[in-house]
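Data block below; observations after.
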Amino acid sequence: MKLSREISDDGRFVRQPNRFTDRLGPPEPGRYRVYASYACPWAQRVLIVRKLLGLEDLLDVTIVDPIRDEKGWRVPGGDPEYLSELYHATDPGYTGRYTVPCVWDTRDERIVTNDFPQITLDLETSWGTSPNLYPERLRPDIDIMNDRLYHGLNNAVYEAGFSRDQQVYEEAVARVFTTLDFLEVRLAESEFLFDTLTDSDVRLYTTLARFDVVYYAHFKCSVRRLTDYPALWAYARRLHAIPAFHETTDLDQIKRHYYVTQTNINPSRIVPVGPELDWSL
């Protein structure tokens, strides 16, 4: 499925809506399997939350190959061979991109959801509550923060990278760095975005982890690096020190996916050497 279908007439990247949006049922060992990629920030969110909440025995996981081709994500040594087979088994008329994360119901043999914003919230509210990543007292504020992160950073880097118009690109980049500037001030005197680790921190981390290695150069978000923000860089390293974060962060797969797969931006498919980053505290 070509990304060009998500480029508007004015050169703007408009992400496709999520096709499958059913909610996860109660946890049943062996029933649900999440298909994810270490390269994908949306999928890494689910992998982080799964580990933080200790859900490894309740939610099975299959990691797809980071190099995606015209058939979509390949399932190494697996059945199906490609993730697209599950999409068409669920909806034979499906014509969109085949995205991760998605959750397959092995009992009903269908994709329950590829609605990445909701998957982590379902896990946090219905599957595991320790640590409490979506506490009721903070939910309105978390929802506002998540919306700001999505439009100002998580998705805005893609709007910059995939844009086909100079003005559209510059507007997206401005949002990215306005958001990073805001976060730098907020985190200068705070360990997390709120007074405890929340879903918002997970959503921010996966973009920060990719910023200097991919988004800065590949997506032309090159006004400043993450390492140019002292508070944000320290915050990202604090999160990286938590096993659920660093154990799901594979910078090699991240770089190979973006630089090899997105030939509309990098037709040579050459993966750059560096940058050298020290993630230790």
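The values are calculated or read from the model by the stated rules, or taken from the named source; none is laboratory data. Source: prediction; values computed, not measured. All Cβ positions, glycine included, derive from the backbone under ideal geometry; neighbour counts span all protein chains shown. Accessible surface areas use protein heavy atoms only, side chains included; no ligands, DNA or RNA. Shrake-Rupley method; radii C 1.70, N 1.55, O 1.52, S 1.80 Å.
When ALA172 is tested against (1) in a helix (DSSP H, G or I); (2) farther than 30 Å from ARG224 by Cβ; (3) in contact with a Cys (Cβ under 9 Å, 6 or more places away or on another chain), exactly one condition is not met: (2). Within region 1-36, restricting attention to residues that are in contact with a Ser or Thr (Cβ under 9 Å, 6 or more places away or on another chain) and among the polar types (S, T, N, Q), which residue is most open to solvent (accessible area, probe 1.4 Å)? Looking at the filtered set, the residue picked out is THR21.
Looking only at region 201-232, residues that are within 22 Å of ASN266 (Cα to Cα), of a type in the set (Val, Ile, Thr) and open to solvent by 10 Å² or more (accessible area, probe 1.4 Å) come to 1 in all.
For region 181-190, does any single residue satisfy the condition of being within 27 Å of LYS51 (Cα to Cα) and either crowded, with 23+ Cβ neighbours inside 10 Å or within 18 Å of the chain's Cα centre (by Cα) (or both)? No, region 181-190 contains no residue that is within 27 Å of LYS51 (Cα to Cα) and either crowded, with 23+ Cβ neighbours inside 10 Å or within 18 Å of the chain's Cα centre (by Cα) (or both). For ARG238, indicate whether it is outside any loop (DSSP other than H, G, I, E, B) and in contact with a Pro (Cβ under 7 Å, 6 or more places away or on another chain). So ARG238 does not fit the description; no. When ALA43, ALA39, ALA89 are screened for being outside any loop (DSSP other than H, G, I, E, B), open to solvent by less than 10 Å² (accessible area, probe 1.4 Å) and not charged (D, E, K, R), only ALA43 passes. Just to be sure I understand, how many residues within region 179-215 are within 21 Å of ILE119 (Cα to Cα) and either modelled with pLDDT under 95 or of a type in the set (Ser, Thr, Tyr) (or both)? Final tally of qualifying residues: 6. Beta carbons closer than 6 Å, at least 6 apart along the sequence or on distinct chains, pair a first residue in region 187-202 that is of a type in the set (Phe, Trp, Tyr) with a second that is assigned to a helix (DSSP H, G or I) for PHE192/ASP201; PHE194/LEU138.
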